[in-house]
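A.B. asks: If you scroll down you'll find the structure; I have some questions about it.
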Amino acid sequence: MTFRVKLAIAFLLCTLVPLLVLGAFVQRETRSRVTDQYEERVQSLASAVVASLSADNIETDRALQQVAALVSDDNSLRSALQAAAPTSRAVVIDFAGDAMRRVNLDALDFLDVDGQILSSGQFRNDFGREDGARAAFCSSRVAQQVDDGSVVTVARLRRPDAPFLALAQCRSLEISGRQYFLLGGREIDSAYLSRLSSDPSLTVSLAGLPWSSPAQATGEPATLVGFRYPVDVVDTVGKNRGAADARIEVTQSASPLEALIADVNRWFVWALGLSGLAALVVSIWIAMRLGKPIVELARKTEHVNMERLNESFRSDRTDEIGLLSRKLGEMTRRLRVSAGAIRDAERRATVGDVARQVNHDVRNGLTPIRNVVRHLSELADDDPTALAEVFADRRGTLESSVEYLDDLANRYARLTRDSVRQPCDLSDTVRRVAADLELEAPGRIRTSTTAGTIVLGDPISMRRLVENLVRNGLQSGSQEQPATVLVSTGLSSHTDANAHAEGAPSIVTLTVADDGAGMTEETQRRIFDDFYTTKPNGSGLGLSIVRRITMDLQGTIRVESAQDEGSVFTLELPLCR
């Protein structure tokens, strides 16, 4: 993930997370507070609804008082109630309808204390029907003596077409020592309930009635908050004798609140989107401002190495990037100083290594000469007459060693120039090295060579390679049990069949095997390291030189060894055709 992406994500999180928290808090607070305001408003408006119901109750009670006064003033009615003649019955039956219209009621029943309906203004045919529910209601209401409108009663009454609901009140009157009841009321329908509320967003309804299809005012559906006012129930049509949970409900539509919340959410989403876009743009702009100098520093730093420490990191910036540039400049300056010191140390170490290699190679060249001279000195003392013959026999060894030392001197004189490679016969080199070391280890060197083992290399390097391996094998034994060495050369095919024709030799092999003390696994891992040796007077350069020369010749070397069983060194060098 790039720095720009990380910065953009960080800006978005820092911007959007607080906004999301704020939005959730605002939405919760808005809903809570608006709901509280709605509830307070509904309570206030509901109080007005209750006041209207109470006023209608009082008005109904006053209308019943007027009807009672009409009864008291109507002598014909009073006489008809006492007479049993059929001609007087019509006066009683027609009374409720006329009185109901005069006092502006929607329902009026005139009944005796036993519940027999004497006259019904809303349903003339109810005359003579006995209704215990009405009698019980009137008896209870008269006993309570409540006429302040605080008790609201909903009565279900009969009409010729269908039952209807009425806001009912009851009055008692006495005629000639006999008690009668007046039951009257105003119809409760949707229009009536709508008139109770001055706010169209409020819904006034009857609920909890023991029969279905309660009246409900026209209004918007869905409620959020509401107010309930309990009412009494009288059913004069069916067998329902009341409902404990009958009530008038005043509810507030949730649509305005939901619309407000939707508007808040919509504006919040817009604010969130714009804030996220702004944060993204700002983060990209800042990332570009920061990223450009950082990329430039990375480009300059990429070019810095031990051979190129002159890169300039100078900067006029006063911020952290300028500080980083100056620190990188100081670092490259210190690296230049350190690189100079390292090069000086490497020069000194190289000179020491070259000196040790020269000492090692010169000693290898002087050893055959020292052996021949020692042999000649012993003959001069013991058998002077054989001196000339032995000198002639060993003259080739002396000349070969002197030539080796001369070539070695010329080679070190040309260290700064590439050595000249030429075809060299590896088998011939093996035979010459074995002959030169014969005096040092008589009878301990055996050879097995193959013709055509031509390698492209430096003759001096080839001689050093073979001689170091043979000397290493000879020195692997002890004084009590000297080691013998078998040196062999051969030809083999390359492992890659595509490189040469199938079966054609392409590799020259050199194998140097000894029967000495062998090596441990730790020694095998380190024998080719510079200056590593297990010999008391060893320089640790012989096998290191062998590895370096093998690599220069693009060859490989491997060793197999076991303690007390000897070692086998195998070299594979490219065949020169």
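The values are calculated or read from the model by the stated rules, or taken from the named source; none is laboratory data. These numbers were taken from a predicted model, which means no experiment stands behind them. Virtual Cβ from ideal backbone geometry, glycine too; neighbours counted across all protein chains shown.
A.B. asks: Which one of these is free of Cβ contacts under 8 Å to residues at least 24 places away in the same chain and within 22 Å of ASN57 (Cα to Cα): ASP109, ASP114, ASP98? Steps first, answer last, please.
C.D. replies: Details: ASP109 fails: free of Cβ contacts under 8 Å to residues at least 24 places away in the same chain; ASP114 fails: within 22 Å of ASN57 (Cα to Cα).
Exactly one residue qualifies, and that residue is ASP98.
A.B. asks: Name the residue, out of PRO536, PRO574, PRO482, that is closer than 29 Å to VAL402 by Cα, at pLDDT 85 or above and out of contact with any helix residue (DSSP H, G or I) (no Cβ under 7 Å at 6 or more places or on another chain).
C.D. replies: Values: PRO536 fails: at pLDDT 85 or above; PRO574 fails: closer than 29 Å to VAL402 by Cα.
Answer to the selection: PRO482.
A.B. asks: May I pose another question? For region 441-462, state whether one or more residues are part of a helix (DSSP H, G or I), assigned by TED's automatic domain parsing to the domain that holds LEU510 and of a type in the set (A, V, I, L, M).
C.D. replies: We begin by selecting, within region 441-462, every residue part of a helix (DSSP H, G or I); these are 459-462.
Cutting the leftovers down to assigned by TED's automatic domain parsing to the domain that holds LEU510 gives us 459-462.
From what's left, of a type in the set (A, V, I, L, M): 460, 462.
Looking through region 441-462, at least one residue is part of a helix (DSSP H, G or I), assigned by TED's automatic domain parsing to the domain that holds LEU510 and of a type in the set (A, V, I, L, M).
A.B. asks: Are any residues in region 548-564 part of a helix (DSSP H, G or I) and either in contact (Cβ under 8 Å) with a residue 12 or more places away in the chain or aliphatic (A, V, I, L, M) (or both), and if so, which ones? Before you say what the answer is, go through the steps one by one.
C.D. replies: Residues of region 548-564 that are part of a helix (DSSP H, G or I), as a first pass: 548-552.
Across region 548-564, the qualifying residues are ILE549, THR550, MET551, ASP552.
A.B. asks: Among the hydroxyl-bearing types (Ser, Thr, Tyr), modelled with pLDDT under 85 and out of contact with any Phe, Trp or Tyr (no Cβ under 9 Å at 6 or more places or on another chain): is that true of THR60 in this structure? Give the derivation first.
C.D. replies: On the way: among the hydroxyl-bearing types (Ser, Thr, Tyr): yes; modelled with pLDDT under 85: no; out of contact with any Phe, Trp or Tyr (no Cβ under 9 Å at 6 or more places or on another chain): yes.
In short, no.
A.B. asks: Being within 16 Å of ASN364 (Cβ to Cβ) and either at pLDDT 85 or above or outside any helix (DSSP H, G or I) (or both), is that true of even one residue in region 394-406?
C.D. replies: There is no residue in region 394-406 that is within 16 Å of ASN364 (Cβ to Cβ) and either at pLDDT 85 or above or outside any helix (DSSP H, G or I) (or both).
A.B. asks: Could you check, for region 540-555, whether at least one of its residues is surrounded by fewer than 15 Cβ atoms within 10 Å (Cβ to Cβ), in contact with a helix residue (DSSP H, G or I) (Cβ under 8 Å, 6 or more places away or on another chain) and at pLDDT below 90?
C.D. replies: Initial filter on region 540-555 (surrounded by fewer than 15 Cβ atoms within 10 Å (Cβ to Cβ)): 551-552, 554.
Imposing the further condition that a residue be in contact with a helix residue (DSSP H, G or I) (Cβ under 8 Å, 6 or more places away or on another chain) reduces the set to 552.
Now drop any that are not at pLDDT below 90, which leaves 552.
Yes, region 540-555 contains at least one residue that is surrounded by fewer than 15 Cβ atoms within 10 Å (Cβ to Cβ), in contact with a helix residue (DSSP H, G or I) (Cβ under 8 Å, 6 or more places away or on another chain) and at pLDDT below 90.
A.B. asks: Starting from residues that are hydrophobic (A, V, I, L, M, F, W, C) and assigned to a loop (DSSP other than H, G, I, E, B), keep the ones in region 180-216 and report whichever is modelled with the highest pLDDT.
C.D. replies: Looking only at region 180-216, we keep the residues that are hydrophobic (A, V, I, L, M, F, W, C), and these are 181-183, 188, 191, 193, 196, 202, 204, 206-207, 209, 211, 215.
From the residues that got through so far, the ones that are assigned to a loop (DSSP other than H, G, I, E, B) too are 188, 209, 211, 215.
Working: ILE188: 89, LEU209: 82, TRP211: 71, ALA215: 53.
Across region 180-216, the extreme among qualifying residues is ILE188.
A.B. asks: Separate question: Select from region 7-58 the residues that are closer than 23 Å to SER205 by Cα, among the small types (Gly, Ala, Ser) and surrounded by fewer than 14 Cβ atoms within 10 Å (Cβ to Cβ) and write down the one among them that is farthest from the chain's Cα centre (by Cα).
C.D. replies: Residues of region 7-58 closer than 23 Å to SER205 by Cα: 35-58.
From what's left, among the small types (Gly, Ala, Ser): 44, 46-48, 51-52, 54-55.
When the remaining residues are screened for being surrounded by fewer than 14 Cβ atoms within 10 Å (Cβ to Cβ), the result is 44, 47, 51, 55.
Details: SER44: 53, SER47: 57, ALA51: 63, ALA55: 68 Å.
Result: ALA55.
A.B. asks: Quickly run through region 230-252 and pick out the residues that are modelled with pLDDT of 70 or more, buried (at least 16 other Cβ atoms within 10 Å of the Cβ) and not charged (D, E, K, R). Reasoning before the result, please.
C.D. replies: Our first condition is that a residue be modelled with pLDDT of 70 or more; within region 230-252, this holds for 230-238, 245-252.
In the following step, the residues that additionally are buried (at least 16 other Cβ atoms within 10 Å of the Cβ) were identified as 231-237, 246-252.
Once the filter is applied, which keeps residues that are modelled with pLDDT of 70 or more, buried (at least 16 other Cβ atoms within 10 Å of the Cβ) and not charged (D, E, K, R), region 230-252 yields VAL231, VAL233, VAL234, THR236, VAL237, ALA246, ILE248, VAL250, THR251, GLN252.
A.B. asks: Given the condition farther than 17 Å from ASP552 by Cα and surrounded by 23 or more Cβ atoms within 10 Å (Cβ to Cβ), answer yes or no: does some residue in region 452-463 qualify? Spell out the reasoning first.
C.D. replies: The first filter runs over region 452-463 and keeps only residues farther than 17 Å from ASP552 by Cα, leaving 452-453.
Next, only the ones that are surrounded by 23 or more Cβ atoms within 10 Å (Cβ to Cβ) stay: 453.
For region 452-463, residues farther than 17 Å from ASP552 by Cα and surrounded by 23 or more Cβ atoms within 10 Å (Cβ to Cβ): present.
A.B. asks: Mind checking which residues of region 110-159 are of a type in the set (A, V, I, L, M), at pLDDT 85 or above and under 19 Å from VAL71 (Cα atoms)?
C.D. replies: LEU111, VAL113, ILE117, LEU118
A.B. asks: If only one of ASP36, ASP98, ASP94 is part of a helix (DSSP H, G or I) and touching a Lys or Arg at 6+ places or on another chain (Cβ under 9 Å), which one is it?
C.D. replies: Values: ASP36 fails: touching a Lys or Arg at 6+ places or on another chain (Cβ under 9 Å); ASP98 fails: touching a Lys or Arg at 6+ places or on another chain (Cβ under 9 Å).
Every option except ASP94 fails the conditions.
A.B. asks: Consider ALA483 carefully, then state whether it is surrounded by fewer than 16 Cβ atoms within 10 Å (Cβ to Cβ) and at negative phi.
C.D. replies: Details: surrounded by fewer than 16 Cβ atoms within 10 Å (Cβ to Cβ): no; at negative phi: yes.
Spelling it out, it is not the case that ALA483 is surrounded by fewer than 16 Cβ atoms within 10 Å (Cβ to Cβ) and at negative phi.
A.B. asks: Identify, by number, the condition in (1) more than 15 Å from GLY128 (Cα to Cα); (2) surrounded by 13 or more Cβ atoms within 10 Å (Cβ to Cβ); (3) over 60 Å from the mean Cα position of the chain (by Cα) that ALA80 doesn't meet.
C.D. replies: Exception for ALA80: condition (1).
A.B. asks: I need the full set of residues from region 415-444 which are among the aliphatic types (A, V, I, L, M), without any contact (Cβ under 8 Å) to a residue 60 or more places away in the chain and surrounded by fewer than 21 Cβ atoms within 10 Å (Cβ to Cβ), in order please.
C.D. replies: Keep residues of region 415-444 that are among the aliphatic types (A, V, I, L, M), which gives 415, 420, 426, 430, 433-435, 437, 439, 441.
Now narrow it down to the ones that are without any contact (Cβ under 8 Å) to a residue 60 or more places away in the chain: 420, 433-435, 441.
Correct list: VAL420, ALA434, ALA435, ALA441.
A.B. asks: Quick test of your reading of the structure: LEU12 fulfils all but one of (1) at pLDDT 80 or above; (2) under 30 Å from LEU280 (Cα atoms). Name the failing condition by number.
C.D. replies: Condition not satisfied by LEU12: (1).
A.B. asks: Please give the number of the condition ASP161 fails out of (1) over 30 Å from VAL49 (Cβ atoms); (2) among the charged types (D, E, K, R); (3) free of Cβ contacts under 8 Å to residues at least 12 places away in the same chain.
C.D. replies: (1)
A.B. asks: Another one. Of the conditions (1) outside any helix (DSSP H, G or I); (2) modelled with pLDDT of 80 or more, ALA84 fails just one. Which one is it?
C.D. replies: Here ALA84 clears every test but (2).
A.B. asks: Sticking with this structure for a sec: Confirm whether GLN179 is among the polar types (S, T, N, Q) and within 15 Å of VAL234 (Cα to Cα). Give the steps one after another, and end with the answer.
C.D. replies: Details: among the polar types (S, T, N, Q): yes; within 15 Å of VAL234 (Cα to Cα): no.
Criteria not met by GLN179.
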